[in-house]
Amino acid sequence: QVQLVESGGDLVQPGGSLRLSCAASGSVFSIAVMGWYRQAPGKEREWVASISNVGSTNYAGSVKGRFTISKDNAKNTLYLQMNSLKAEDTGVYHCRFVVAGVNYWGQGTQVTVSS
């Protein structure tokens, strides 16, 4: 019913910036929350940031002040602007939409922060 496709992941040097996008298609309505998660090799998936249907945002302490989550409701697209990237930000980033009470996940986009 709903498909999510992330894009924007890349190899970037420490201190660099990257902007991720998550585009939703299908029967997208009644979105309660949208968020970004990441999973580094050998680690569990962790929550990074979220934004509610009314635009309120929350961030994990590790990214607060460096990352910004935003959305474009008309385009059904979620964004994550990542600045001052660190090696520990490396991982596969997944977006999540809650649509009509159902969780949907994207396939992920790889972000690698390395010199």
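The values are calculated or read from the model by the stated rules, or taken from the named source; none is laboratory data. Please read these numbers as outputs of a predicted model, since none were measured by experiment. All Cβ positions, even for glycine, are placed from backbone atoms using ideal geometry, and neighbour counts span all protein chains on display. SASA here: full protein model, heavy atoms, side chains in, ligands and nucleic acids out. Shrake-Rupley method; radii C 1.70, N 1.55, O 1.52, S 1.80 Å.
Annotation: Cα Rg of the range 1-63 relative to the compact-globule expectation 2.2 N^0.38 Å equals 1.28. For K71, K64, the ranking by accessible surface with the largest value first comes to K64, K71, using a 1.4 Å probe.
Note on D72: accessible area is roughly 50 Å² with a 1.4 Å probe, heavy atoms of protein only. For the range 26-89, the solvent-accessible area of protein heavy atoms averages 54 Å² per residue (probe radius 1.4 Å; ligands and nucleic acids excluded). Charges were assigned to the Cβ only: +1 to each Lys and Arg, -1 to each Asp and Glu. The resulting dipole of the chain about its Cα centre is roughly 140 debye. Taking the DSSP beta bridges with both ends in the chain, the antiparallel portion is around 95 percent. Computed on the chain, the Cα convex hull volume stands at 90 Å³ per residue.
Based on alpha-carbon atoms only, what is the radius of gyration of the range 41-83 relative to the globular estimate 2.2 N^0.38 Å?
This ratio for the range 41-83 stands at 1.26.
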